[in-house]
Amino acid sequence: MAADRSRADALRWMAQGTGTFFGALITLPDDRLARPTALDGWTGGHLLAHVAANADALVNLAHWARTGEETPMYSSPTQRDADIEAGAARPAAGLRAWAAQAAESLEARLAELDERQWTRQVRTAQGRHVPAEEIPWMRAREVMVHAVDLGAGVGFDDLPADFLAALIDDITAKRSGDGTGPALTLTATGHNGTWTVSGTGDPTPVTGTLAGLTAYLSGRRTDGVTGAEGRPAPELPRWL
């Protein structure tokens, strides 16, 4: 867990994000789940199936933390993708019920963990070994960001500012670790945060609001941020 991001923070954001996601979902009529989203190749059904399958996968990690029995998030990337495709084809009522039940199960399983179990190492789908207390942060990212992706009127500027700052910390670290994208220096207007992304070429200064920078870094949009001398910021691939 990052030094400035506590387990209590992550659990709070997970609860807030779950409320935001399902609050947005309830406003979407069933036919909208069959329509494309802003995520290439995904309908609303794919997005909802992904969020549901993610909760089930994190329940696996909570089981691993509680029992010590190795329980991967997914049996394979192929199985993960197949579950999303199959889930997207479910009737809307069944898909909604799956997502809600999976979210409730994850909350219940995390509530069972004691202090020792929270520190047990588990493995993410990307192969990173992390303490179990990273699980609520992993879920908070999913429900917060995908609440925006639903296209139901939630924007990044509707998400908590402290969550946005923590998410920028997370994404800049991951993009720096990859090192293949453009080098960036990021400054948030109306906030005292500054960040750097290691990458190729000389660093490009990028300025925007906290919400704008989060949207930009996650590969959602570039409006609301500016690059050097007012030019557009370099495009980034989608994250999450």
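The values are calculated or read from the model by the stated rules, or taken from the named source; none is laboratory data. Computed from a predicted model, the values in this text were never measured in an experiment. Backbone-built Cβ (ideal geometry, glycine too); neighbour counts: all protein chains shown. All accessible areas refer to the heavy atoms of the entire protein, side chains included, with ligands and DNA or RNA removed. Shrake-Rupley method; radii C 1.70, N 1.55, O 1.52, S 1.80 Å.
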Among the residues of region 63-82, is any in contact with a strand residue (DSSP E or B) (Cβ under 8 Å, 6 or more places away or on another chain), open to solvent by 50 Å² or more (accessible area, probe 1.4 Å) and of a type outside the set (D, E)?
-> yes
If the Cβ limit is 9 Å and pairs must be 6+ apart or interchain, which residue in region 64-85 that is under 19 Å from L106 (Cβ atoms) pairs with which residue that is assigned to a loop (DSSP other than H, G, I, E, B) and among the polar types (S, T, N, Q)?
-> W64/T71; A65/T119; M73/T124
Looking only at region 209-229, count how many residues are modelled with pLDDT of 95 or more and on the phi > 0 side of the Ramachandran plot.
-> 1
Taking the stated definitions as given, is T27 among the β-branched types (V, I, T) and within 22 Å of R80 (Cα to Cα)?
-> no
Of the residues that make up region 87-107, is at least one over 25 Å from R5 (Cα atoms) and among the charged types (D, E, K, R)?
-> yes
Which of the residues that make up region 100-125 are surrounded by 15 or more Cβ atoms within 10 Å (Cβ to Cβ), closer than 15 Å to R139 by Cβ and not basic (K, R)?
-> A100, A102, A103, S105, L106, E107, L110, L113, W118, V122, T124, A125
In this structure, is L33 touching a residue at least 40 places away in the same chain (Cβ under 8 Å), open to solvent by less than 20 Å² (accessible area, probe 1.4 Å), in contact with a helix residue (DSSP H, G or I) (Cβ under 7 Å, 6 or more places away or on another chain) and over 21 Å from M138 (Cα atoms)?
-> yes
Tally the residues that are hydrophobic (A, V, I, L, M, F, W, C) and either assigned to a helix (DSSP H, G or I) or surrounded by fewer than 18 Cβ atoms within 10 Å (Cβ to Cβ) (or both), restricting the search to region 152-195.
-> 12
Subset of region 127-166, residues within 20 Å of D223 (Cβ to Cβ) and among the charged types (D, E, K, R), comes to D149, D157, D158
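Every residue, every condition in (1) at pLDDT below 95; (2) assigned to a helix (DSSP H, G or I); (3) over 17 Å from the mean Cα position of the chain (by Cα); (4) more than 27 Å from R120 (Cβ to Cβ), yes or no:
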| site | (1), (2), (3), (4) |
| --- | --- |
| H46 | no, yes, no, yes |
| H50 | no, yes, no, no |
| A53 | no, yes, no, no |
| L61 | no, yes, no, no |
| E70 | no, no, yes, no |
| M73 | no, no, no, no |
| E85 | no, yes, yes, yes |
